[in-house]
Amino acid sequence: MLSSIGWIYGKVADLRNTLYDRGMFETFDLGAPTISIGNITTGGTGKTPLVALVAEILAERGEKVCILTRGYGRDEPQKRVLVSDGKEILAEAKVAGDEPFELAGKLLGKAIVIADADRVSAAEWATRKFGVTVFVLDDGFQHRRARRDVDIVCIDATNPFCGGKMLPAGRLREPLHNLSRADIIVITRSNLVENLDNLKSEISNLESGAEVFVSENRTIDVVELEEFHAKPLRTQIKMRSENAFAFCGLGNPDNFYSQLRLDELNVLGKKSFRDHHSYTQNDIFEIEHQAVEGGAEILLTTAKDAVKLSHLKFEIPCYVVEIELVLDDPAGFAAMI
């Protein structure tokens, strides 16, 4: 039954793309060069670090960068929120959405961040208000109403195409042949798999014509939660060796736990929540109870989760694992951007 629904879903996605390709559905120029970064699957593919990297590349070249994002999981999803004006953060995580809030923190002084379901309207407003010279569309591959100059697609090496099945049977948002729209494909989390040959061959067989880059996640720091929220005044803390309990609310939590194993952190237990989970004090009580029962001395979580924890009380030290995306050919990627 689900496979049949998925087949229909794929046909509808193809029809929609055809109507855009033929100009029967209108697209809108955002008024400045536009780079889209997205996925062909649902769930986490390591896209957010790439959005930050692209914004940094553009900012370093003197561009006035604006990130346009839908902001999944926020309190009022239809409301436009100026998350950051590039100088300071202007909204809380629950209002902005966890990923926009995280991006705003990473890119202070480098990029404006706006959460708005209508990215065309948001772009027009941002151009008038801030004089934006380049837009970065977060999760924009299927958002074809906004015209773009470059389409970048992230493919997670640990689960590239989720069995090749369309929603709701699988996690494909549209059939794989639509990767032909991509200008750049970035294979993410390559360090969490043993071999990329089969994946590279599969991408090649799709004849997308896209330039393919390979990236890996690298842990750059582990900081106390309070220090994490004190950016940019915090001090660097070295990797911890204590027994740890890890928790997160991600689209693909196993990748976070695999990264911790790769970093040889001593994780005795773990707890996963749904993607974009809003934490309560009861959640923290349960996490700490499980941690103590398992003999853990500290907690570990992600930056995406940490932005939603500042108002909660911890009895056990909580640390944030900060991860960056490292490309195999950073100069070549920057040149294409």
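Each reported figure results from applying straightforward, stated rules to the coordinates on display, with no laboratory input. It should be emphasised that the depicted structure is a prediction, and the values quoted were computed from it without experimental measurement. Cβ atoms come from the backbone with ideal geometry, glycine included; neighbour counts cover every protein chain shown.
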Quiz prompt | Selection from Val212, Cys162, Val113 lying farthest towards where the dipole of the chain points positive, charges on Cβ | solution = Val113
Quiz prompt | Given charges at beta-carbon only (K, R positive; D, E negative), |dipole| of segment 114-272 in Debye | solution = 420
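I'd like the FRET efficiency for His229 and Arg261, computed as 1/(1 + (r/R0)^6) with the beta carbon distance as r and R0 of 35 Å, rounded to 0.05. Write out the running numbers ahead of the final one.
Working: r = 27 Å, r/R0 = 0.76.
Using R0 = 35 Å, I get an efficiency of 0.85.
What is the packing order of peptides 44-56, 180-192, taking the mean over residues of other C-beta atoms within 10 Å and listing the highest first? If you can, show how the numbers build up before the last one.
Numbers: 44-56: 23.7, 180-192: 21.0.
Most protected by this proxy first, the peptides run 44-56, 180-192.
Quick one: dipole size for segment 42-115, taken about the Cα centre, charges +1 on Lys/Arg Cβ and -1 on Asp/Glu Cβ, in debye to the nearest 20.
Using only the charged Cβ atoms, the result is roughly 180 debye.
Please tell me the relative contact order of the chain in percent, rounded to the nearest whole number, where contacts are Cα pairs under 8 Å and at least six residues apart. List each step's numbers first, then the result.
Working: 692 pairs, mean separation 65.2, N = 337.
It comes to 19 percent, rounded to a whole number.
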Quiz item: Which one of Thr133, Val222, Gln259 is farthest out on the positive end of the charge dipole of the chain, using unit charges on Cβ (Lys, Arg +1; Asp, Glu -1) and the Cα centre as origin?
Solution: Thr133
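Rule-of-thumb check for segment 204-337: C-alpha Rg over 2.2 N^0.38 Å?
Working: Rg = 17.1 Å, N = 134, 2.2 N^0.38 = 14.1 Å.
That works out to 1.21 for segment 204-337.
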Quiz item: So what's the back-of-envelope 222 nm ellipticity for the chain, counting only DSSP H runs of four-plus at -39500 (n - 2.57) apiece and dividing by all residues, rounded to 500?
Solution: -9000 deg cm²/dmol
Quiz item: For the Cα atoms of the chain, what angle does the longest principal axis make with the long axis of helix 281-293, in degrees from 0 to 90, nearest 10?
Solution: 60
Self-check item: In degrees, nearest ten, helix 2-21 long axis to first principal axis of the chain (Cα)
Solution: 50
Quiz item: Which translational diffusion coefficient, to the nearest whole µm²/s, is obtained for segment 41-130 from the Stokes-Einstein equation, given a Kirkwood hydrodynamic radius over C-alpha pairs, 25 °C and 0.890 mPa s?
Solution: 189
Exercise. Would you calculate the separation in nanometres between label points at Arg128 and Ala335, each defined as 7 Å from the Cα along the Cα-to-beta-carbon direction?
Key: 4.1
Quiz prompt | Overall Cα dimensions of segment 93-232, principal axis frame, Å, largest first | solution = 44, 40, 30
Quiz item: Where does the chain land on the Kirkwood hydrodynamic radius, alpha-carbon pairs, in angstrom?
Solution: 20.8
Quiz item: Which whole-number percent is the relative contact order of segment 207-337 (Cα, under 8 Å, 6+ apart)?
Solution: 37
Quiz prompt | Pairwise centroid distance, computed over Cα atoms, of segment 89-133 with segment 275-322, Å | solution = 27
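Could you sort out which of Lys11/Lys47; Lys47/Lys106; Lys106/Lys304 sit more than 19 Å apart by Cα distance in this structure?
In this structure, Lys11/Lys47 lie more than 19 Å apart at Cα.
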Quiz prompt | P(r) of segment 19-68 over all Cα-Cα pairs, binned every 10 Å from zero, in whole percent | solution = 19, 39, 33, 9
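For segment 129-171, what mean projected area does the convex hull of the alpha carbons give, in nm²? Can you show the working numbers first?
Values: hull surface 19.3 nm².
That works out to 4.8 nm², a quarter of the Cα hull's surface.
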